[in-house]
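In what follows, a single structure is set out as structure tokens and then discussed.
The values are calculated or read from the model by the stated rules, or taken from the named source; none is laboratory data. Quick caveat, the model's predicted, so the values are computed rather than measured. Positions of Cβ are backbone-derived with ideal geometry, glycine not excepted, and every protein chain shown enters the neighbour counts.
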Amino acid sequence: MNVNDASFEELLNALHDGVYITDGDGKTLKVNQAYERLTGLSSADLIGRLMQELVKEGIISQSASLRVLQEGRPVSVMQSLSKGKKLLVSATPILDAEHRISYVVSTVRDMTELLRMKHERDELQQLKQLRHSTAKLHAGQRDSLLHSPLMADQEVSGRVFALARQVADSTVKVLLQGETGVGKTLVAQFIHNASGRAGEPFLALNCGALPENLIEAELFGYAPGAFTGAGPKGKRGLLELAHNGTLFLDEIGDLPLPVQVKLLKVIEENRFIPVGGLELKEVDVRIISASHHDLKQLVAEGRFRADLYYRLNVVPITIPALRERSEEIPPLLHYYLDSFNSRYQRQVQWSLAALDLLCEYAWPGNIRELINIVERLVVTNQSGTIEALDLPEEILDLSRQNTDDSRLPLRKVLENAERAAIRAALQTHKTTRLAAKALGVSQATVVQKMKRWERSD
């Protein structure tokens, strides 16, 4: 290989990646123009110098070429330059006829550039996934959550759904407030279904789920070539897709301030300009918003626009936490038990003891937590009946509960009964597997309970 050949030099300089070539002693023979561009180092300052000297002087942090010469195999390293830039260097040995290293060829890539490309790819993938979800909603597919008893029995939540029904036929802005998991999306869907827009799209966006640039692109759409990676034909935003229908903006408190300004213009004028576009688009969209934050406090802190807050908060509806409407817990438990029995082709039922404990539980995760726990209990049950012993640790662990003292004795009695039953079964059957079979629960449940009692004793 003649590193001084003119055509060889042209070939090296045509490459986008940096190239660094040393001889078998670590002396620099050649660097291409891409390497000079990536590192800011001049070939005149490098050619003829030993890699050992360059590392010693701190011009580069470590040498992949030296490691190749020491280890006799290809090596990849992260290299830090004196200016703070990080490079990925992959060095490969070239052997002569006697299998000695005659040259080391290193390729160099800027990690900053690679990371930027990765982030762009990840953001575009997020946008693609969100578009897919939007398309499914637009086609009328609804998650089974939307067919819960809250939808079927309009009297379950009393004043919440009474007020929701009252405002459904108007175009008034509604702000839903409540803890995470209380069912804000269900109420928004209920308002849409009870309105004159029921036959039109109901689209939802969680404002806290995407970075600022993607939220703006998702809401307003974008023109062709509006940003790096944008589709050649552009994309329609949710506002345009929800024309004549309803757009539900969940966690509106997380909406970035610049996007709040654009949303306020849509509310005031019913028109907007897509990202990177020039053409005004007019839309007729009902906006329902929701937040678990105190938006008044966010306004006071300067994190939410006061004018947008008052525009959105025409009719506020506060959805109480599930622990504050305990009368709904039994019908919800029965509904979701039936629902998951049907989905997984099971015939599981509640025991009275398990049902009592579930009804007394504080449900900090609200309806979402209830749904998840019921599904877990149905798919893991082996006996056909969900017993108290099958319930998750957080429901049975007295030290974690915030219930009234008047409820504790019942739980203590149940725990003592469980201990006695397991102790008796173990004395009779000798092994946890046979004891669990006799009690109608899983072996893992028995072992878990015994370990918990050992820790608490």
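Here His16 meets each of (1) within 42 Å of the chain's Cα centre (by Cα); (2) farther than 16 Å from Leu87 by Cα with one exception, condition (2). Evaluate the following for Val104: is it out of contact with any helix residue (DSSP H, G or I) (no Cβ under 6 Å at 6 or more places or on another chain), at pLDDT 85 or above and hydrophobic (A, V, I, L, M, F, W, C)? Spelling it out, it is not the case that Val104 is out of contact with any helix residue (DSSP H, G or I) (no Cβ under 6 Å at 6 or more places or on another chain), at pLDDT 85 or above and hydrophobic (A, V, I, L, M, F, W, C). Being surrounded by 15 or more Cβ atoms within 10 Å (Cβ to Cβ), more than 19 Å from Gly181 (Cα to Cα) and over 28 Å from the mean Cα position of the chain (by Cα), is that true of even one residue in the stretch 364-380? No.
Here's the yes/no breakdown for (1) in a helix (DSSP H, G or I); (2) at pLDDT 90 or above; (3) under 19 Å from Ile215 (Cα atoms); (4) more than 26 Å from the chain's Cα centre (by Cα):
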residue: Phe248; (1), (2), (3), (4): no, yes, yes, no
residue: Gly253; (1), (2), (3), (4): yes, yes, yes, no
residue: Leu263; (1), (2), (3), (4): yes, yes, yes, no
residue: Glu279; (1), (2), (3), (4): no, no, no, yes
residue: Ser289; (1), (2), (3), (4): no, yes, yes, no
residue: Asp307; (1), (2), (3), (4): yes, yes, no, yes
residue: Pro316; (1), (2), (3), (4): no, yes, no, yes
residue: Pro320; (1), (2), (3), (4): no, no, no, no
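Residue count for the stretch 179-204 under the criterion of being at pLDDT 90 or above, within 25 Å of the chain's Cα centre (by Cα) and of a type in the set (Gly, Ala, Ser): the result is 2.
Restricted to the stretch 230-246, and to residues that are modelled with pLDDT of 90 or more and touching a Leu at 6+ places or on another chain (Cβ under 9 Å), which residue is nearest to Ala217 (Cα to Cα)? My answer is Leu238.
Within the stretch 245-260, is even one residue over 27 Å from Ala164 (Cα atoms), in the same structural domain as Ala188 (by TED's automatic domain parsing) and of a type in the set (A, V, I, L, M, F, W, C)? Yes - at least one qualifying residue is present in the stretch 245-260.
Scan the stretch 287-306 and give yes if some residue there is among the polar types (S, T, N, Q), buried (at least 16 other Cβ atoms within 10 Å of the Cβ) and closer than 22 Å to Ser383 by Cβ, otherwise no.
Taking the stretch 287-306 and keeping what is among the polar types (S, T, N, Q), we get 289, 291, 297.
Still in the list and also buried (at least 16 other Cβ atoms within 10 Å of the Cβ): 289, 291.
Narrowing the set further to residues that are closer than 22 Å to Ser383 by Cβ leaves none.
Checking the stretch 287-306: not a single residue is among the polar types (S, T, N, Q), buried (at least 16 other Cβ atoms within 10 Å of the Cβ) and closer than 22 Å to Ser383 by Cβ.
Scanning the stretch 258-286 for residues that are of a type outside the set (D, E, K, R) and either crowded, with 17+ Cβ neighbours inside 10 Å or touching a helix residue (DSSP H, G or I) at 6+ places or on another chain (Cβ under 6 Å) (or both) yields a total of 11.
Does Ile386 satisfy being at pLDDT 85 or above, surrounded by 18 or more Cβ atoms within 10 Å (Cβ to Cβ), under 21 Å from Tyr344 (Cα atoms) and in contact with a helix residue (DSSP H, G or I) (Cβ under 7 Å, 6 or more places away or on another chain)?
yes
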